[in-house]
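Heads up, the thing below is written out as structure tokens.
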Amino acid sequence: MKFFFILFFISIFSVSHAQKGVVLVNASTFDNLIALGNNQLLDVRTSDEFDLGYIKGAVNIDFWDPAFMDLVKAKFDKSLPILVYCAGGGRSAMAAGNLRKKGFKIIYDLEGGYESYSE
């Protein structure tokens, strides 16, 4: 029952922020979104950072790669929710903004990045 309440809250929160396109969520909510499925998980850290640990199911595309957006558009569906994270939240915030500008509709950004998720 608690899980459904969380999902309801996420849905309401997401709809109320849909016009912005990017929803900043904490680690617990991010984990719940992953568990729901029907989404895509993007890790924007470097490959060296990724090799040290990552969230299961994540696709790693380095935000600083000049081909970043081309790689993202080739691997991800704009119509599905995308969950994005980096190490501490800075790169994922920039990436989320770029994703929004390129037509991704629902974007969840992990507040505090992988550091907050792995604690």
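The values are calculated or read from the model by the stated rules, or taken from the named source; none is laboratory data. Just so it is clear, the structure is predicted and the values come from calculations on it, not from any experiment. Note that each Cβ is placed from the backbone with ideal geometry, even for glycine, and that neighbours are counted across all protein chains shown. The accessibility values were calculated without ligands, DNA or RNA, using every heavy atom of the protein model including side chains. Shrake-Rupley method; radii C 1.70, N 1.55, O 1.52, S 1.80 Å.
List of remarks:
- Amide H contacts under 5 Å for TYR108, placed H, 5+ residues apart: VAL23, ILE82, LEU83, VAL84
- Among residues other than TRP64 with Cβ under 10 Å from its Cβ, the summed charge is 0 (Lys and Arg +1, Asp and Glu -1).
- With θ taken as phi - 60° and the Karplus curve 6.51 cos²θ - 1.76 cosθ + 1.60 applied, the whole-hertz 3J(HN,Hα) list for the range 47-59 is 5, 5, 5, 4, 5, 7, x, 7, 8, 3, x, 6, 9 Hz, x standing for glycine and proline.
- Whole-Hz ³J(HN,Hα) from phi, Karplus 6.51 cos²θ - 1.76 cosθ + 1.60, for the range 95-109, glycine and proline x: 4, 4, x, 5, 4, 4, 5, 8, x, 6, 8, 10, 10, 10, 10
- Couplings 3J(HN,Hα) for the range 75-84, derived from phi with the Karplus relation 6.51 cos²θ - 1.76 cosθ + 1.60 (θ = phi - 60°), are 9, 10, 8, 5, 7, 9, x, 10, 9, 10 Hz, where x marks Gly and Pro.
- Sorting ASP51, ASP31, ASP43 by solvent-accessible area of protein heavy atoms yields ASP51, ASP31, ASP43, largest first, with a 1.4 Å probe.
- Sum of side-chain charges, ALA93 neighbourhood, beta-carbon under 12 Å (Lys, Arg +1; Asp, Glu -1): 0
- Listed peptides 100-110, 57-67, 80-90 appear in the order 80-90, 100-110, 57-67 once ranked by packing, highest mean of other Cβ atoms within 10 Å at the front.
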